[in-house]
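What follows is a single structure, written as structure tokens, with notes after it.
The values are calculated or read from the model by the stated rules, or taken from the named source; none is laboratory data. Everything quoted here is computed from the prediction, not taken from an experiment. Here the Cβ positions follow ideal geometry from the backbone for every residue, glycine too, while neighbour counts run over all protein chains shown. Ligands, DNA and RNA are excluded from the accessible area calculation, which covers all protein heavy atoms including side chains. Shrake-Rupley method; radii C 1.70, N 1.55, O 1.52, S 1.80 Å.
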Amino acid sequence: MSVQTSKQSAQTRGLGNKRVARIPVSIPFIRFLKQQSISLIISLSFLMLFIVIIPLYYLEPEINSFIEAFWSGLLSLLFFGRSNFEPSTMAGNIILVLLSIMGVVLYGLVISTIFDVIFQSKYTQALLQRWKKHSKK
């Protein structure tokens with residue numbers, strides 16, 4: 001995009017000659033997940049957690065019960081790979097890494113949903129309108 005076209009698009013947005021960097025809202029995968037219900041995403045995450053604790057229980061010698069496998073998987077999901085045991089098999093490491101990645105995605109979804117709700121609230125929009133009026137004066 002040329003500089004002239006960039007200036008024209010900035011002027012049409014009412015920004016004068018100021019340069020505005022376009023920041024992508026989110027990556028496409030997160031954008032797709034945000035279109036879904038947050039409760040659906042969390043439910044699917046817990047369903048996946050229940051599925052992956054089965055091989056975790058059978059493959060890891062340190063885990064003695066399904067409850068212990070669930071607890072370790074949940075800790076890994078919530079605390080980015082930190083759990084109450086150190087996996088001794090490659091499959092256990094892979095499961096904990098997958099749960100950690102899922103946890104990062106969940107945190108991103110929850111935080112961006114909270115900010116969307118806050119930003120789209122009537123109170124925030126009223127504050128933004130007042131701020132715009134005062135900045136024009």
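Before moving on, here are some points about what is shown:
- Here VAL25 meets each of (1) at pLDDT 80 or above; (2) surrounded by fewer than 15 Cβ atoms within 10 Å (Cβ to Cβ); (3) of a type in the set (A, V, I, L, M, F, W, C) with one exception, condition (1).
- Contact annotation: residue pairs with Cβ atoms under 6 Å, 6 or more positions apart or on different chains, pairing a residue in region 29-50 that is open to solvent by less than 80 Å² (accessible area, probe 1.4 Å) with a partner that is at pLDDT 75 or above and of a type in the set (S, T, N, Q), are ILE38/THR113.
- Subset of region 75-94 [open to solvent by 90 Å² or more (accessible area, probe 1.4 Å) and either polar (S, T, N, Q) or not in a helix (DSSP H, G or I) (or both)]: PHE79, PHE80, ARG82, GLU86
- Enumeration of residues in region 55-74 that are open to solvent by 50 Å² or more (accessible area, probe 1.4 Å) and among the β-branched types (Val, Ile, Thr): ILE67
- Any chance VAL20 is within 30 Å of LYS136 (Cβ to Cβ), at pLDDT 65 or above and either touching an Asp or Glu at 6+ places or on another chain (Cβ under 7 Å) or loosely packed, with under 11 Cβ neighbours inside 10 Å (or both): no
- Taken over region 95-137, the criterion of being open to solvent by less than 90 Å² (accessible area, probe 1.4 Å), over 30 Å from GLU62 (Cβ atoms) and either in contact with a Pro (Cβ under 9 Å, 6 or more places away or on another chain) or assigned to a loop (DSSP other than H, G, I, E, B) (or both) is satisfied by SER121 alone.
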